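Enquirer: What follows is a structure written as C-alpha cells; I'll ask about it next.
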C-alpha cells in the first residue's frame with residue numbers, strides 16, 4: 001500500500017424529504033446570500049425548486065439564481081455565474097442537479113474569488129480559495145457531491161478538462177433518492193455506468209496487496225450489478241435508488257482509491273466522445289471502458305482474473321486463466337447491453353476516420369513514449385487501437 | 001434504507017514515517033500548547049516518543065505530558081489530565097497509542113472545557129465543546145481514531161460506559177502500520193476481533209435492502225479474514241498490517257452502519273467482562289459475540305444465512321438453511337480459535353454463579369421487557385443465557 005492522505009469532510013444528509021433542510025444547513029455553514037445554480041426546467045416541473053426556495057426563505061436567506069447548465073457543463077455559463085456572484089455579493093453557491101450542475105457550481109465558486117480567468121484552474125493552477133458550496137443531488141452518477149473535482153468543457157475549443165482542489169469540495173450534500181425516481185431509463189443507466197467506471201479506474205492498479213480497497217471496490221461494483229437492473233425494471237424502487245445513490249458517493253470520494261496507483265485512461269478517452277459527439281458521459285464510458293479492458297488485459301491480465309472471479313462470479317479456469325479474463329469482460333459487456341447502454345462509438349456518430357483526431361485531441365498522449373494511463377501505459381497508437389476496438 | 005446523516009471529517013495521514021508530520025499537522029489545526037497523552041513505556045522503548053516530541057519541537061510547539069493510560073482507560077487519569085490541561089492552558093490534546101489512549105484523550109478534551117464533572121457525558125449529557133484532538137495510532141482495533149465515541153471505566157464503581165459527540169472526533173489521525181509491527185500476537189488478534197465485531201454489530205440489522213452497507217461490511221470482514229492470519233504468521237508483514245489498520249478505521253467511522261438499525265449487545269455484554277475480570281476487550285468479544293450469535297440466530301436466522309454464504313463462503317443448504325446458519329457461526333468460531341482467541345469466559349476467571357451479577361450490572365436490561373440490543377431484543381434472562389452459552 002502506498003502512503004496516502006484521506007479526508008472526506010462533506011456532511012451528507014441522506015433520505016426522504018431531506019431537501020427541506022437546505023436552508024438550515026446553509027445557515028449553519030454561514031451562508032447569507034446564495035447563488036442557486038441548476039440545469040433545465042425539470043426541478044421546476046418536479047416541485048423541487050419550490051421546496052428548496054421555500055427552505056431558503058424560511059431560514060431568512062437571500063438568493064439569486066442561474067439555471068441553464070447543460071450536460072458536460074460549459075465555460076460560458078461559468079463566466080456568467082462568476083459575474084453574477086460578484087455583482088450580487090454572493091457568499092454561498094448551491095448546486096441543484098447532477099454532476100454537471102455541481103461541477104459548474106464548483107468552477108463558479110472558485111472563479112468568483114479569483115482575479116484571473118477561472119480556466120487557469122483547468123490548466124493546472126492550484127485553487128487557493130473558493131466560495132463555500134452546497135449540493136442537492138438529483139442524479140446518481142458523477143460522485144461530484146462528495147469529491148473535490150470538477151470537469152468543465154470549453155465549448156470554443158472543444159476541450160473537456162478537469163480540475164481539483166480541497167476548497168471546492170461541497171460542505172454539505174443532500175441526497176434524497178426520491179429525487180432520482182423521475183429520471184429517464186437512459187440517464188439512470190448511464191449514471192450507473194459512470195459509478196461503476198469510477199471504481200474500475202481505481203481497481204485496475206499495479207499496486208499490490210491492497211486487499212481492503214480491492215474489497216471496497218468490489219462491494220460497490222456488486223451493489224451496482226444487483227441494484228441497477230432492479231431500478232430499471234421499477235423506477236420507483238426507492239430502496240434500489242437509495243443503494244445506488246450512496247454507492248455513487250462511495251465510488252468517488254476516493255475511499256476506494258487510496259494507497260494505490262489509479263488509471264483514468266477510460267475517462268480521458270471518453271471526454272473526447274462527449275466533446276465531439278455530445279455523448280452522455282456514462283454512455284461513452286460504457287463503450288470505451290470494455291474496449292480499454294480488451295486492450296490492456298492482453299498486456300497485463302493479472303487483475304482481470306480477480307475481477308472476473310470476485311466481481312462477476314466467473315468460474316476460474318485454472319488451466320487457461322485467459323478464458324477467465326475474457327469471461328469477466330464479457331459479463332461486464334453483457335451487463336451494459338442489458339441496461340441499455342450502447343456498444344459502439346458509431347452510435348454517437350463517430351467514424352473510423354475520426355479516430356486519429358480523437359486520440360490526438362486528448363493532448364496528453366505521446367506519439368513515441370507510453371505515457372498515458374496507469375495499469376498499462378499507452379502511447380498514441382495504443383489509444384487509437386482502443387478507439388478502434390470501440391467501433 | 002433509513003434516513004441518516006454522515007460526516008467523517010477526520011484528516012488521515014497514512015503510511016510509513018507519517019508520525020514525523022505530527023507537529024506540522026497540529027500547527028495547521030491551530031494547536032500551540034499540547035497535552036501528549038499515552039500509555040505505558042512502550043512508545044519510549046520503540047523510539048516513537050522521541051520522534052514525536054522532535055516533531056513537536058520542530059514546529060515550535062510547547063507540550064506537557066501525561067502517560068499511564070491503562071487498557072480499559074480509567075476515570076482517575078482523566079481527572080488528572082483535565083487538571084493538567086487547565087493548569088497548563090493546553091489547547092490541543094494529542095493521543096499516542098491505541099483505543100485506550102484515544103478514548104482517555106477524548107474524555108480529557110471534553111472535560112477540560114466543561115464546568116461540571118466529565119463523567120456527566122458518560123451518563124448521557126451532550127458534549128457541547130472540547131479541545132481539538134489529534135491521534136497517532138499504535139494499535140489497529142478500536143477504530144477510535146476515526147470515531148466520535150469514547151469508552152471509559154469508572155474504576156470505583158466498575159462501570160464501563162460510552163459517550164458520543166462530534167466535537168470529540170479527532171481532527172487528524174496519523175496511521176503508520178509500522179508502529180503496530182511490535183505488538184504481541186494476542187494484542188494483534190484481539191484488535192482484529194474488535195474490528196470484526198464493530199462490523200458485525202452493524203451487519204446484523206433488521207433494516208432490509210441495505211445492499212451497499214451490507215457489501216461494505218462484507219468487504220471489511222473478508223479483508224480481516226485474509227489478512228489477520230497473515231500478520232500473525234509474519235508480524236513484520238507491512239502490507240497485511242496496512243490493510244488491517246485501514247480496515248479498522250473503515251469498520252468504525254460508521255460508513256458500514258449508516259441507514260440501518262444497529263445492535264451493540266455484544267459490546268454491552270463484553271464491557272462487563274472487561275470491568276470485572278480485566279478481559280482484553282477484543283478477547284472478550286471473541287467469546288461473547290459467537291454466543292450472542294447462537295442465541296439470536298435461533299430467533300432470527302435470516303441474516304445469518306447471508307453471513308455464512310457471503311462472508312465465509314459456506315455452501316448454501318437450500319433444504320436446511322439452519323445448517324448454513326450453523327456453518328457460518330462455526331467458521332467464525334474456528335477462525336477466532338485459529339488466531340488464538342479464548343473460547344470461554346472461564347478463561348477470564350468468570351464462574352457460572354457470576355452470571356446474574358454480570359447481566360444485572362449492564363444496567364440497561366429490563367427484567368420483564370425485551371429492551372436490550374436490536375437484531376433480537378433481549379431481556380435479562382436472555383442475556384443470562386448468552387453468558388451461559390459463553391461459558
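Enquirer: On the given criteria, is residue B:283 touching a residue at least 12 places away in the same chain (Cβ under 8 Å), buried (at least 21 other Cβ atoms within 10 Å of the Cβ) and outside any loop (DSSP other than H, G, I, E, B)?
Expert: Numbers: touching a residue at least 12 places away in the same chain (Cβ under 8 Å): yes; buried (at least 21 other Cβ atoms within 10 Å of the Cβ): yes; outside any loop (DSSP other than H, G, I, E, B): yes.
Yes; evaluated as a whole, the condition is true for this residue.
Enquirer: Please count how many residues of the range A:221-238 are more than 7 Å from chain B (Cβ to nearest Cβ) and in contact (Cβ under 8 Å) with a residue 24 or more places away in the chain. I'd like the intermediate steps shown before the answer.
Expert: Kept after step one, since they are more than 7 Å from chain B (Cβ to nearest Cβ), are these residues of the range A:221-238: A:221, A:224-225, A:228-238.
With the extra rule that they be in contact (Cβ under 8 Å) with a residue 24 or more places away in the chain, the set shrinks to A:221, A:224-225, A:228-229, A:231-232, A:235-236, A:238.
Matching residues across the range A:221-238 total 10.
Enquirer: If residue B:275 meets every condition in (1) more than 17 Å from residue B:187 (Cα to Cα); (2) out of contact with any strand residue (DSSP E or B) (no Cβ under 7 Å at 6 or more places or on another chain); (3) not in a loop (DSSP other than H, G, I, E, B) apart from one, which number is that one?
Expert: With (1) more than 17 Å from residue B:187 (Cα to Cα); (2) out of contact with any strand residue (DSSP E or B) (no Cβ under 7 Å at 6 or more places or on another chain); (3) not in a loop (DSSP other than H, G, I, E, B) applied to residue B:275, the lone miss is (2).
This table checks each residue for (1) more than 21 Å from the chain's Cα centre (by Cα); (2) assigned to a helix (DSSP H, G or I).
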{"residue": "A:297", "(1), (2)": "yes, yes"}
{"residue": "A:304", "(1), (2)": "yes, yes"}
{"residue": "A:310", "(1), (2)": "yes, yes"}
{"residue": "A:316", "(1), (2)": "yes, no"}
{"residue": "A:326", "(1), (2)": "yes, yes"}
{"residue": "A:329", "(1), (2)": "yes, yes"}
{"residue": "A:332", "(1), (2)": "no, yes"}
{"residue": "A:337", "(1), (2)": "no, yes"}
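Enquirer: Please find, within the range A:28-38, the residue that is farthest from the other protein chains (Cβ to nearest Cβ) out of those that are assigned to a loop (DSSP other than H, G, I, E, B) and surrounded by fewer than 22 Cβ atoms within 10 Å (Cβ to Cβ).
Expert: Here is the first cut: in the range A:28-38, the residues assigned to a loop (DSSP other than H, G, I, E, B) are A:29-32.
With the extra rule that they be surrounded by fewer than 22 Cβ atoms within 10 Å (Cβ to Cβ), the set shrinks to A:29-30, A:32.
Values: A:29: 12, A:30: 16, A:32: 22 Å.
Within the range A:28-38, the match that is farthest from the other protein chains (Cβ to nearest Cβ) is A:32.
Conditions tested, residue by residue: (1) away from chain A (no Cβ under 14 Å); (2) assigned to a helix (DSSP H, G or I); (3) buried (at least 17 other Cβ atoms within 10 Å of the Cβ).
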position: B:12; (1), (2), (3): no, no, yes
position: B:23; (1), (2), (3): yes, yes, yes
position: B:26; (1), (2), (3): yes, yes, yes
position: B:44; (1), (2), (3): yes, yes, no
position: B:50; (1), (2), (3): yes, yes, no
position: B:53; (1), (2), (3): yes, yes, yes
position: B:56; (1), (2), (3): yes, yes, yes
position: B:70; (1), (2), (3): yes, no, no
position: B:81; (1), (2), (3): yes, yes, yes
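Enquirer: Kindly check whether there is at least one residue in the range B:90-101 that is within 14 Å of chain A (Cβ to nearest Cβ) and outside any helix (DSSP H, G or I).
Expert: no
Enquirer: To continue, here is another question. Select, from A:310, A:241, the only residue that is at pLDDT 95 or above, surrounded by fewer than 24 Cβ atoms within 10 Å (Cβ to Cβ), within 13 Å of chain B (Cβ to nearest Cβ) and in contact with a helix residue (DSSP H, G or I) (Cβ under 7 Å, 6 or more places away or on another chain). Write out each step before concluding.
Expert: Numbers: A:241 fails: surrounded by fewer than 24 Cβ atoms within 10 Å (Cβ to Cβ).
Within the list A:310, A:241, the selection yields A:310.
Enquirer: Which of the residues that make up the range A:369-388 are touching a residue at least 12 places away in the same chain (Cβ under 8 Å) and assigned to a loop (DSSP other than H, G, I, E, B)?
Expert: A:370, A:373, A:374, A:375, A:376, A:379, listed by residue number.
Enquirer: Next question. I'd like to check something: does the range A:112-123 contain any residue that is surrounded by 22 or more Cβ atoms within 10 Å (Cβ to Cβ), in contact (Cβ under 8 Å) with a residue 60 or more places away in the chain and in contact with a helix residue (DSSP H, G or I) (Cβ under 6 Å, 6 or more places away or on another chain)?
Expert: No - not one qualifying residue is present in the range A:112-123.
Table: residues versus (1) over 21 Å from residue A:48 (Cβ atoms); (2) part of a helix (DSSP H, G or I).
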site	(1), (2)
A:103	no, yes
A:110	yes, yes
A:121	yes, yes
A:130	yes, no
A:135	no, no
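Enquirer: Can you name the condition, by its number, that residue B:155 falls short on among (1) surrounded by fewer than 24 Cβ atoms within 10 Å (Cβ to Cβ); (2) modelled with pLDDT of 95 or more; (3) touching a helix residue (DSSP H, G or I) at 6+ places or on another chain (Cβ under 7 Å); (4) more than 14 Å from chain A (Cβ to nearest Cβ)?
Expert: Residue B:155 satisfies every listed condition except (2).
Enquirer: Here is a follow-up. Which of the residues that make up the range B:159-211 are without any contact (Cβ under 8 Å) to a residue 24 or more places away in the chain and within 14 Å of another protein chain (Cβ to nearest Cβ)?
Expert: Residues satisfying the conditions are B:208, B:211.
The values are calculated or read from the model by the stated rules, or taken from the named source; none is laboratory data. Just so it is clear, the model here is predicted, and its values are computed rather than measured. Positions of Cβ are backbone-derived with ideal geometry, glycine not excepted, and every protein chain shown enters the neighbour counts.
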